[in-house]
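S.K.: What follows is a structure written as structure tokens; I'll ask about it next.
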Amino acid sequence: MQDDGTSGPRIVLERGDITEQQVDAVVNAANSGLMGGGGVDGAILRAGGAPQREARKALVERIGSLPTGRAAASDAGDMPARWVIHVVGPVWSKQEDRSELLASCYRNALAVADELGARSVAFPAVSAGVYGWPLDSAAEIAVTTVTSTPTHVSEARFVLFDDAAYAAFTRAAGSLP
Ligand code: ADP
């Protein structure tokens, strides 16, 4: 297993609900306000209950809002995972290439995981829901960034909520060198 911090983690693809994952940390496709929204963010907040809500409030008091592409952690509350690592994905744009911001979400999430000492991390398809990023492109950026980021995280688990996302991530993982 590669956990010497010199290479990317092993990746695992799973179709399912990220809130149920038995991992050290779950990555959340949050918005800058960090107090919840729809999609995966709402599901993670519901699953974490009052303790996660309080932890998010404390995080907001500490850092204010979270800029696009950045990552910050809170306790997960009533979830199997210990931490939630919040990232804010970019909204898809036809006019502007925001791929680097999306890649930053994954790199910064892994950096925060390293600070926490998390060894297993579950990721959703950041930006691929309400933020409108085309699935194949979102999957390719996610998989290539995570596998090429030096980290002590040994397992990066992409948890895909529907068949289309799972298929896109399977294609992206299959075209890795
Ligand atoms: P964004 O605003 O970054 O696009 P969304 O929450 O709208 O974030 O969607 C991101 C991805 O998360 C989508 O592919 C969506 O289907 C997926 N998703 C929604 N709920 C869950 C869940 N409980 N577990 C895993 N993925 C989820």
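S.K.: What nm value, rounded to one decimal, do you get for the distance between ALA58 and SER99 when each label is placed 7 Å out toward the C-beta?
M.R.: 4.0
S.K.: Is the range 26-78 best put as rounded, prolate or oblate by its Cα gyration tensor, with a ≥ b ≥ c the root eigenvalues, rounded for a/c under 1.5, and otherwise prolate when a/b is larger than b/c, oblate when not?
M.R.: Oblate shape, in that a/c is at least 1.5 and b/c is the bigger or equal ratio.
S.K.: Assuming 1.002 mPa s and 20 °C, estimate D for the range 105-177 with Stokes-Einstein, Rh taken as the Kirkwood radius over Cα pairs, in µm²/s.
M.R.: Using the Kirkwood radius from Cα pairs, D works out to 171 µm²/s.
S.K.: Can you put LEU59, LEU116, LEU34 in order of Cβ neighbours within 10 angstrom, beginning with the fewest? Please report the intermediate quantities before stating the final value.
M.R.: Working: LEU59 19, LEU116 16, LEU34 23.
In increasing order of surrounding Cβ atoms, one gets LEU116, LEU59, LEU34.
S.K.: Still on this structure: Hey, for a label at SER175 modelled as a point 7 Å past Cα toward Cβ, could you say which residues of the range 122-150 have their backbone N under 11 Å away?
M.R.: 136-141
S.K.: What whole number of Å gives the distance from the Cα centroid of the range 70-124 to the Cα centroid of the range 8-34?
M.R.: 8
S.K.: In whole Hz, what ³J(HN,Hα) sequence does the range 130-135 give by Karplus (6.51, -1.76, 1.60; θ = phi - 60°), x for Gly and Pro?
M.R.: Couplings: 4, 6, x, 6, x, 4 Hz.
S.K.: Okay, next question. Would the chain count as rounded, prolate or oblate if I go by the C-alpha gyration tensor, calling it rounded below 1.5 in a/c and otherwise prolate when a/b exceeds b/c, oblate otherwise?
M.R.: rounded
S.K.: Continuing with this model, one more query. Pick from GLN21, GLN95, GLN52: which is most flexible by mean-square fluctuation in a GNM of the chain where alpha carbon atoms under 10 Å apart are linked?
M.R.: For the chain, modelled as a Gaussian network with Cα springs under 10 Å, the answer is GLN95.
S.K.: From the alpha carbon gyration tensor of the range 56-157, can you work out the equivalent ellipsoid semi-axes (sqrt of 5 times each eigenvalue) and give them in Å, largest to smallest?
M.R.: Working from the Cα gyration tensor, I get semi-axes of 22, 17, 12 Å.
S.K.: Which of ASP24, ASP17 has the fewest other C-beta atoms within 10 Å, and how do the rest follow up to the most? It would help to have the intermediate numbers written out before the result.
M.R.: On the way: ASP24 21, ASP17 14.
By the 10 Å Cβ count, ascending, the order reads ASP17, ASP24.
Throughout, read-outs are computed from the coordinates displayed, never taken from laboratory work. For clarity, every value in this text was computed on a predicted model and none was experimentally measured. Note that we place each Cβ from the backbone using ideal geometry, even for glycine, and neighbour counts take in every protein chain shown.
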